[in-house]
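Below is one structure; the comments refer to it alone.
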Amino acid sequence: MTAPVTLIVGAGDYIGAAIARRFARGGFAVCMGRRNGDNLTPLIDDIRTAGGTAHGYTMDARDEDSVIDLFARVEHEVGPIEVVIFNVGGNVRFPIRETTARVFRKVWEMACFAGFLTGREAARHMVPRGRGSIFFTGASASLRGNSGFAAFAAGKAGLRAMAQSLAKELGPENIHVAHLVIDAGVDTAFVRERMQQAGHDPDTLPPDTLMSPDSVAEAYWLLHHQTRDAWSFEMDLRPFGERW
């Protein structure tokens, strides 16, 4: 028997990497796509050294042909995809008067359009087999806009609505579609840099104030193992001290 396959679209160095390690540890063959696939080499080596199976691919999640090709390659070279996780970001801050049409369009393509392409291709492969999970990473902006984040909020809110439509359409086909709202600062280099620019030292924060990427990965693992009589469409994650 071959291992079940997980495909992570947007396998970055933090959340995406943590998801990859969690599913590999659980016995999945992990396939990862990102703009520069060469950056996945250290992660792939770590997973393989730990006894897991991992593959990396260079792809552009905003490009239709690139997404179609990625799914086809994984299905042909590795095996039937059991879990797809869309984890592309796009979190940029621009005051509305400084938000160009190019910026808005690019952020929407990353946060929403790329999610549509990923979800569609996942459905095309999973529905004929009658099983599978399709999960999308959201953010606080999925639920509410904020000053300086018009482009990001529009993209993430669109992704959430698109995911909800997929859940209603594909649930009866035995495909579990879920959307994860990360309503917090995740402990990444990007978040730490943003905090330092704002005059805060992230190392002085109380424990568990920033969310660990491993905790996000565990949430996805639990989502995939829910029984279908109680599937979650949406989970929101936030540290105990996060204001909401």
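A few remarks follow.
- Residue count, segment 1-47 (criterion: among the hydroxyl-bearing types (S, T, Y) and under 18 Å from the mean Cα position of the chain (by Cα)): 2
- Evaluated against (1) open to solvent by 30 Å² or more (accessible area, probe 1.4 Å); (2) assigned to a helix (DSSP H, G or I), R144 falls short on exactly one condition, (2).
- Pairs with Cβ under 6 Å, 6+ apart, first in segment 181-201 and within 15 Å of V92 (Cα to Cα), second assigned to a helix (DSSP H, G or I) and among the β-branched types (V, I, T): G185/V191
- In the condition set (1) closer than 20 Å to A72 by Cβ; (2) in contact with a Leu (Cβ under 8 Å, 6 or more places away or on another chain), A114 is compliant with all but (2).
- Unique match (being closer than 23 Å to T227 by Cα, in contact with a helix residue (DSSP H, G or I) (Cβ under 7 Å, 6 or more places away or on another chain) and open to solvent by 60 Å² or more (accessible area, probe 1.4 Å)) among E173, E169: E173
- Residue in segment 66-78 that is modelled with pLDDT under 95 and aromatic (F, W, Y) present: no
- Given (1) under 22 Å from V186 (Cα atoms); (2) crowded, with 20+ Cβ neighbours inside 10 Å; (3) touching a strand residue (DSSP E or B) at 6+ places or on another chain (Cβ under 9 Å), index of the condition A18 fails: (3)
- For segment 89-129, filtered to residues that are under 15 Å from S142 (Cβ atoms) and at pLDDT below 95, the residue that is nearest to the chain's Cα centre (by Cα) is G89.
- Which numbered condition R93 misses (of (1) farther than 23 Å from R194 by Cα; (2) assigned to a loop (DSSP other than H, G, I, E, B); (3) of a type in the set (D, E, K, R)): (1)
- When N36 is tested against (1) touching a residue at least 24 places away in the same chain (Cβ under 8 Å); (2) surrounded by fewer than 16 Cβ atoms within 10 Å (Cβ to Cβ), just one condition goes unmet, and that condition is (1).
- Residue within segment 68-89 that is of a type in the set (F, W, Y), without any contact (Cβ under 8 Å) to a residue 60 or more places away in the chain and not in a helix (DSSP H, G or I) present: no
- Answer residue from segment 223-241, given it is farther than 20 Å from L170 by Cβ and open to solvent by 40 Å² or more (accessible area, probe 1.4 Å) and is modelled with the lowest pLDDT among those: G241
- Condition met for G27 (free of Cβ contacts under 8 Å to residues at least 40 places away in the same chain, over 26 Å from T188 (Cβ atoms), of a type outside the set (A, V, I, L, M, F, W, C) and not in a helix (DSSP H, G or I)): yes
- When F190 is tested against (1) surrounded by fewer than 16 Cβ atoms within 10 Å (Cβ to Cβ); (2) touching a helix residue (DSSP H, G or I) at 6+ places or on another chain (Cβ under 9 Å); (3) closer than 26 Å to K106 by Cβ, just one condition goes unmet, and that condition is (2).
The values are calculated or read from the model by the stated rules, or taken from the named source; none is laboratory data. From a predicted model like this one, the values you see are computed outputs, not experimental measurements. Positions of Cβ are generated from backbone atoms using ideal geometry, with glycine treated the same way; all protein chains shown enter the neighbour counts. Quick note on the areas: whole protein, heavy atoms, side chains included, nothing else; ligands and nucleic acids left out. Shrake-Rupley method; radii C 1.70, N 1.55, O 1.52, S 1.80 Å.
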